[in-house]
Amino acid sequence: MEQVNTESLSRESSGAFVFQSRPNCSQTHAQERLAFRGLAALCLGTAIGFAGMGYWLVLPFEGLVIGLLIWARAVRHGHESDYESLTIEGDMVVLEWRMGNQSGHRQMNRQWVRVACDCTVPGRSCRLCVSSHGRETEVGHYLSDEARLQLAATLRSKLQA
């Protein structure tokens, strides 16, 4: 499983609070292509070596490994443009997100918004939710537990102001 780091941004301009986060795609496309080709060449070279020694049944399994590498690369590309954004401006709180093929937009009245941060162990495995009128939306998917706790405290202070 790929470890997801975050790149987050919060700024206040003209009275608005904006928080954005997205997964950290630390490799460029060229680096990713190089890594993929290197792994594929290693798999294929190993398979050809074993096939040359008479173990030809290795070839279909290495083909399967290369196919899985292609699939993993496609899944990663499907999540390149994922993000989440939370904006507090005036009496409105606006949430926007995109995760894979799913995207959403939700507007809430600032006076009715509640922030809940539930941790299964104190400070660990935290889930940050923003709710209003019985509808709950999870935020902070790309954040560490410490960052979620900090965001929860920041949101509570911004919503009370």
Placing each pseudo-label 7 Å from Cα in the direction of the beta carbon, Tyr55 and Arg73 end up separated by a distance in nanometres of 2.6
Cα gyration tensor shape for segment 29-78, rounded if a/c is under 1.5, else prolate or oblate: oblate
Of (i) 18.7; (ii) 15.6; (iii) 16.1, the label for Kirkwood radius over Cα pairs in Å derived from the coordinates: (i)
Please compute the length gained on full extension between Thr120 and Glu138, using 0.36 nm multiplied by the number of residues separating them and subtracting their Cα-Cα distance. 4.9 nm
In nanometres, what is the gap between the two model label sites at Val18 and Val94, each 7 Å from Cα along Cα-to-Cβ? 1.0
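Which value, in debye to the nearest 20, gives the size of the charge dipole of the chain about its Cα centre, when Lys and Arg are +1 and Asp and Glu are -1 at the Cβ?
That gives the chain a dipole magnitude of about 100 debye.
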Spin-label point model (7 Å from Cα, Cβ direction): what's the Ser81 to His105 distance in nm? 1.5
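Calculate the FRET efficiency for Gln31 and Ala147 from the Cβ-Cβ distance with a Förster distance of 30 Å, rounded to the nearest 0.05.
0.70
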In the chain, what cysteines have no partner Cβ closer than 4.7 Å? Cys25, Cys43, Cys117, Cys129
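May I ask you to compute the full-extension gain from Arg156 to Val65, defined as 0.36 nm times their residue separation minus their alpha-carbon distance, rounded to one decimal in nm? Walk me through the intermediate numbers first.
Values: separation 91, 0.36 × 91 = 32.76 nm, distance 4.79 nm.
Residue separation times 0.36 nm, minus the Cα-Cα distance, leaves 28.0 nm.
Every number here is computed from the coordinates shown, using simple stated rules; none is lab data. Just so we're clear, the structure is a prediction, and the values are computed from it rather than from any experiment. Here the Cβ is made from the backbone with ideal geometry for all residues, glycine too, and neighbour counts use every protein chain on show.
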